[in-house]
Amino acid sequence: MRRVQLFEEFVQTQDESSIIETVYNDLLVDGLLEAEGDTDQTDPDYSPELGRVLTGGEKAAVSRGFALMTDAQLAGAYLRGLGVTEENPDKFMDSIEDPDGKHNIVDFSEVNGRWTNIGLADAMGMASAVTFGRASVKFANLINGIGETPGESLSPKIIKAYDNLSKMDVNQVGLLAGEALQDKAFSKNRDAAAASANKRSIAKDDTMKRQRVMAMNALMFARALRKKNMNHRTAKEKAVERIAQTNNVSIDIVSKALDKYMKDNDEKLL
């Protein structure tokens, strides 16, 4: 009796698989499924740590460490770090003053008159906002007496700069940093950040479009399976599984995309 039951279950499984493949192929032939699109969106320059693609300047600066930073640039990072230790990163930024009076640090403020590391990297004429930000963190660690941490090692260059800068008053450090001040037209880091943000936005739009297509395909597929007398739950599950397999994504991604599409568009499986 058990053998008969197992054979019947096997036949049922084979029939179900056959129905799924037949329906899927029919939908493809009839042109009722949307184009799936390319599944490989990997960028070799993407940095998981930063959550974005590195710019050319960042790759170069990171590969060379802090050797590219001048004494003036280090002074700017020191002031930033000093502000961080007082829970106000911007506190000493307006101390940065061009000795020649040609350039103004205010020209590099971005959000409501405040500064970001990206804007300050431009102000200091640096190739990498990451390098500037990390230098600031290292200085903050030294000022707070933390020293080296697993995430932030201290190079001899940073330690020497700290020893010198910590003996100067804020205005002196600001004048030294001012020697690196750029013309307000210098926007390499901000331009790169804007381009990166735009690229992320495009990628997000592409992902949303692709998920919508997968949801539409899954819904069309599930409805076709229902017409073959497959029950509601099974039709949905099998449609989602096949569309996920076709697109080389997880079942969960397609399932959530389908649920969202049906809710947003008040669609029913029927």
- Query: Once the Cβ-Cβ distance between D259 and V111 is put in as r, and R0 is 35 Å, what FRET efficiency do you end up with, to the nearest 0.05?
  - Reply: 0.45
- Net charge, Q172 excluded, C-beta distance under 14 Å - Lys, Arg +1, Asp, Glu -1: -3
- Query: Given a Förster radius of 35 Å and the C-beta distance between A195 and I159 as r, what FRET efficiency does 1/(1 + (r/R0)^6) yield to the nearest 0.05?
  - Reply: 0.50
- At a Förster radius of 30 Å, what calculated FRET efficiency corresponds to the Cβ-Cβ distance of D206 and E241, to the nearest 0.05? 0.80
- Note on the structure: Residues other than K138 with Cβ under 15 Å of its Cβ, Lys/Arg counted +1 and Asp/Glu -1, net out at +1
- Message: What distance in nm separates the two pseudo spin-label positions at K268 and I146, each 7 Å out from Cα along the beta-carbon direction?
- Response: 5.8
- Please say if region 69-199 is rounded, prolate or oblate, where rounded means a/c under 1.5 for a ≥ b ≥ c the square roots of the C-alpha gyration tensor eigenvalues, and otherwise the choice is prolate for a/b larger than b/c and oblate otherwise? oblate
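Since every read-out is calculated from the coordinates, none of them should be taken as a lab result. Note that the coordinates shown come from a computational prediction; the quantities given were computed from them, not determined experimentally. Here the Cβ is made from the backbone with ideal geometry for all residues, glycine too, and neighbour counts use every protein chain on show.
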